[in-house]
1. Of everything in segment A:417-435, what is of a type in the set (Lys, Arg) and within 12 Å of another protein chain (Cβ to nearest Cβ)? Give them in sequence order.
2. Being part of a loop (DSSP other than H, G, I, E, B) and more than 13 Å from every other protein chain (Cβ to nearest Cβ) is the filter here, so list the residues in segment A:264-295 that pass it.
3. Could you tell me which numbered condition A:Leu625 fails, if it satisfies all but one of (1) within 30 Å of A:Asp89 (Cα to Cα); (2) touching a residue at least 12 places away in the same chain (Cβ under 8 Å); (3) hydrophobic (A, V, I, L, M, F, W, C)?
4. Looking for something more than 22 Å from the chain's Cα centre (by Cα) and acidic (Asp, Glu) - is there at least one such residue anywhere in segment A:151-172?
5. Are any of the residues in segment A:320-338 part of a loop (DSSP other than H, G, I, E, B) and touching a Leu at 6+ places or on another chain (Cβ under 8 Å)?
6. Does any residue of segment B:409-416 turn out to be within 24 Å of B:Val72 (Cβ to Cβ), under 33 Å from the mean Cα position of the chain (by Cα), at the interface with chain A (Cβ under 7 Å from one of its Cβ atoms) and at pLDDT 95 or above?
7. For segment A:185-228, name all the residues that are touching a residue at least 12 places away in the same chain (Cβ under 8 Å) and of a type in the set (Gly, Ala, Ser).
8. Just a yes or no: is a residue in segment B:97-117 within 27 Å of B:Leu380 (Cα to Cα), within 14 Å of another protein chain (Cβ to nearest Cβ) and touching a strand residue (DSSP E or B) at 6+ places or on another chain (Cβ under 9 Å)?
Protein chains: 2
Amino acid sequence: MAEPTKKKTVARLLTADFVITMDEDYTIYAPGAVAIDGDALVAIGPQEEILATYAGKEQVDAGNAAIMPGLVNAHGHVPMTLLRGLADDLRLDVWLMGYMMPVEREFVNPRFCWLGTQLAAAEMIRSGTTTFMDMYYFEEAVADATAQAGLRGVCAQSILKFPSPDAGSYEEALDRARDFIMRWKNHPLIIPALAPHAPYTVTPELIKGAVAIALEFDSPLHIHIAETAQEVEDHRNAYDMPPVPWLKKLGVFETKATAAHCVHIDEGEMHTFLHYNVGVAHNPSSNLKLSSGFAPVKQMLDMGLNVGIGTDGPASNNDLDMFEELRLATMIAKGITMDPTTLPARQTLEMATIMGARAMHIEDLTGSLEPGKRADLIILGLDKIRQAPHFRRDPESIYSRIVYASHAEDVRDMLVNGKWLMRNRQLLTVNTAALRAEADALAGKIDKFLIQREESVLSKLVAIGGVAQEHSFEIQLKAKVGSEEELKALEERLKNAPGITITRGSRRRQYDTYYAFDDPWGNRLRYREDEVIHLDSDEVITVIYRLTLTTQAKEREYEHSIILSRARFNTTATHSKRFYKEYFAPETEIDIEKERRRFHIQYGGTDFALNLDRIIQPKGMGCFLEIKSRTWSRQDAECKASLIGKLMDVLEVPEEALVRKEYLDIEF
Amino acid sequence: MAEPTKKKTVARLLTADFVITMDEDYTIYAPGAVAIDGDALVAIGPQEEILATYAGKEQVDAGNAAIMPGLVNAHGHVPMTLLRGLADDLRLDVWLMGYMMPVEREFVNPRFCWLGTQLAAAEMIRSGTTTFMDMYYFEEAVADATAQAGLRGVCAQSILKFPSPDAGSYEEALDRARDFIMRWKNHPLIIPALAPHAPYTVTPELIKGAVAIALEFDSPLHIHIAETAQEVEDHRNAYDMPPVPWLKKLGVFETKATAAHCVHIDEGEMHTFLHYNVGVAHNPSSNLKLSSGFAPVKQMLDMGLNVGIGTDGPASNNDLDMFEELRLATMIAKGITMDPTTLPARQTLEMATIMGARAMHIEDLTGSLEPGKRADLIILGLDKIRQAPHFRRDPESIYSRIVYASHAEDVRDMLVNGKWLMRNRQLLTVNTAALRAEADALAGKIDKFLIQREESVLSKLVAIGGVAQEHSFEIQLKAKVGSEEELKALEERLKNAPGITITRGSRRRQYDTYYAFDDPWGNRLRYREDEVIHLDSDEVITVIYRLTLTTQAKEREYEHSIILSRARFNTTATHSKRFYKEYFAPETEIDIEKERRRFHIQYGGTDFALNLDRIIQPKGMGCFLEIKSRTWSRQDAECKASLIGKLMDVLEVPEEALVRKEYLDIEF
């Protein structure tokens, strides 16, 4: 008979052919056992020894499987499960500013975040992730959905300098973050944190405010750093230094900081991270899918940095599968260093477990199977055909089986904080059926929103923000002047004409690109680089980038081909020409280059703008006069049309020179 | 009542929410249906239309799933499932020559190939691959196992210039290939083919022989090309041109050729491929895992080449999962081109279906769902949490759901050549239980083989081939000479000594690296770069690379410290110093550099070798005399020991100058 009285009773006793601890010595027990009581790991060791010492109220023998630490996902935006697959294979700016942000502005609310997080939790549990670091809006909803699912989360409330779905200003965002931290601190599963979003979306004041709160509550601070080369270049231009020293000066690294991406950082910046124990979250899928670049992972690891692995948001991955990230992390590192010994399987798994926990500053809680730590573990089946054979010669070959040949689907069971979240691939804490119905309905709404937007170039323009929808009218006359000599003569007549007062003038060189669309409104979008040139030299004083939308619909045509139309929609072009082209996807594209002398005049007590244009490209088009005025009413328009008729006479513009078309429509 | 009489009856009628054809127009029917009769696709179209036209004896509604072409794996060595995980995270040469080839030499036989292929078939069926291209030994066993599993295979018999597990010479390999093709041609599932292995493992005669057979039978020809930069450089050095023009000259591209890897080819070589319609098999996992480099996939696709995707062998992947390859192919291409619009999801899936079939020259049979083609398809479930939501706005978003968020495990059913191979993830044609037991037993034997080998440096040396195990004895005397002047004086005495005839002499500069091991035999491995230098100038005539194994065990020590030992094991060092270091993993490493005057003399009717050595590195060690002779018997050794004693007197070597140690053990 055994001597059961001598055994200590624990809540759970798990045994398996392999227990992989990821402790400091990378101890593997084969076969091994784990004793668990309450939320904590009590003992891990050789199966025989543990079974001789402990008796479990629940006893599970996993057989041909590995009991191992749950995977740690070091960076993501989990509610974005709801936006997965919304827009793929696009440039970062088109993807982000053309799709993600407009849809987020319209749809993100606490329910969105809760729903998206619950679905993410289901996905993470089924793919072996027990702990994750998140950065999104309404983070209290993320925290709540995470806690309900039973996962461990470092949930960081986003803070941006712009208005965001959950805050009208960064001060409001800081207040929200502080409130969130106070409510959630000391939760057994949730570690509330702050996320000043990225160097290019914050201000020094915002950063200082976030650092103060992080230090006050000893909260983790999560931030994107150096994701793209452009970001670093822009930062250098703005602040004369790359992001890392700038953030250091602002005190960011005095906190328990975790930096996501770090694709474009140099050795000095890595040394800063090392000195301040800044954790790094490497995101292989996202960095490749968005073509951000190849993070210097081997260099960071060689230097001794704690580099975890993250999925990033499911809109840029497109899933939350850490097994895929493990595989990708090691593969890319080998490829880029041209050295197949780079990131061997064990080190890669380390990144996704204990090192990830260190990068998130929670290694005292989780990331390895060691007595006293929380009981966060998975049971990974090793019985699939693709996981065979098992060579016993090298005890570490188990790592290669996990990293190179195991899939998320091999995760059989999950225990977090001592509680089962999945048994035999059945979720125990998340009810996905109801969630999915709600998510499907939401996807339908998002589809509808985007379809409506796509129908109109104006809606797409509005969607990317900032356009001034000035619903006034514009009245215009255009006439062909002919040669440059005639244009000069016209300018002389203008300057000497009785009754005309020139209030100001400027000289411009304008590079216009017209995008035309196959839509019923005849929409046209004009991207203009407007160089303001010194009147006496060829020096460029400034360049103005404008985006202008016109429709071909005329409101009315007066005598002398004077046309009344709805005023154009104007906005500063903050993105590149390439961005607009890809975002609006026009049917055709036409370039026009001209030199313009612009005069603001008063005539008959009324303001007019006069343009004397010499078309440079296309060649041979000639020179033109434009007379324009804005108006708020149709009556006023009629009065102005009459004044323009008189101006024609004063400036000696013959009736036959009048042109009814825009420059791009003129045949010559 | 319906009008069943009007409907055509077919064997099977499948319906699903999506039918993805991958035809020329990338037609998607949502919902769609597929009518199948015998081994062929009869009709594919909108669900309503097909259901109105056809009645199926078997009717399957897949619901929230996609019926799509089975995946096409364009390159691999499928029996290597049995070697998966044997050795990972190693350099290509260590991995290949240190592990794969020695184990293959020992274990590969027809049963190995049949067993490995059956397991591979089970894995491929479960991960959605209906067609694959293979290159291995005993390809008739591969073909048989494939046909039994019901998969479609282009099975290429390897032909190498070296002896291989299935042929003692390349002539034998060619005969074997011809026999294989004759037996298997016209099989409904198997397309027999030839695989002259790679430019660096063939001879022009071998290639010509293979091309002749391929043309005679119109068989596909499969070959590795430009996998590593080293291969291309070596080829240029040997033939003054890279591999592609060399192979072109030999007529390889007159055949239906498929080139695997093509990592290091230039634009001109791509044009050659285009001209001759050479298919390319891109292997993302393998090229990264072995650090071969990044294939110029986008450039090849832009040029119009047919680029398929392959897993390569499971020993360098480590699985046969084409979903992982799809994901990796698009991710890497985006990363390397720094353009996220590179390889969008649809194009990536195209590579793994119809384009792969084109690369293998079997697009008339498979790769897309079109009437008349063979019924090779999979049903991919779309009901996983990670595959949601489905945005309907862009009909092509289905490709993104497949490429970025679907896993092998989502493949529910597979039909090849009109026959079910899997239903609801249950394999119907492969019985894995028995196969796995056999594979496990084999893994145990391989473990044992490698453990025995690892125990002895000699076995490891033998394992990489070519070592001459000369079991003779060596007799040796060593004496310290002191200064260079004394060495010169000794040389004069030697030249003028009565009874000594110098038969020949040479001058060497020797760079030795000694690897020492923590083993019971005191094994030492010496890597020597032996520069033979002109006697009168410093010109290097040739360099000899030698690898020599010694043990510290002495057989006997005679008078005058003359030592008898077992002769050393010598072999030409065909690999790099770095290779040996990584392969043998020594405990310590010591460098010794010396200048040697070597004399072959006759004395007392006996041959001796005399070395006058000046040690250059480590500094301060001084100069030495060595007298050596080989012998076949202990009696002869005694006689020679006596003659060496007399030589000592003739050359005036004092007793106290005698040294019993090897250079690396001498303290100074």
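The values are calculated or read from the model by the stated rules, or taken from the named source; none is laboratory data. All of these numbers come straight from a predicted model, not from anything done at the bench. Methodologically, a virtual Cβ is constructed for each residue, glycine included, from the backbone with ideal geometry; neighbour enumeration extends over all protein chains shown.
1. Result: A:Arg425, single match.
2. A:Ile265, A:Asp266, A:Asn277, A:Val278, listed by residue number.
3. Against the list (1) within 30 Å of A:Asp89 (Cα to Cα); (2) touching a residue at least 12 places away in the same chain (Cβ under 8 Å); (3) hydrophobic (A, V, I, L, M, F, W, C), A:Leu625 comes up short only on (1).
4. no
5. Going through segment A:320-338, the residues part of a loop (DSSP other than H, G, I, E, B) turn out to be A:320-321, A:338.
Applying the additional criterion that residues be touching a Leu at 6+ places or on another chain (Cβ under 8 Å) yields none.
No, that holds for no residue.
6. Within segment B:409-416, one or more residues are within 24 Å of B:Val72 (Cβ to Cβ), under 33 Å from the mean Cα position of the chain (by Cα), at the interface with chain A (Cβ under 7 Å from one of its Cβ atoms) and at pLDDT 95 or above.
7. A:Ala193, A:Ala195, A:Ala198, A:Gly209, A:Ala210, A:Ala214, A:Ser219, A:Ala226
8. Within segment B:97-117, one or more residues are within 27 Å of B:Leu380 (Cα to Cα), within 14 Å of another protein chain (Cβ to nearest Cβ) and touching a strand residue (DSSP E or B) at 6+ places or on another chain (Cβ under 9 Å).
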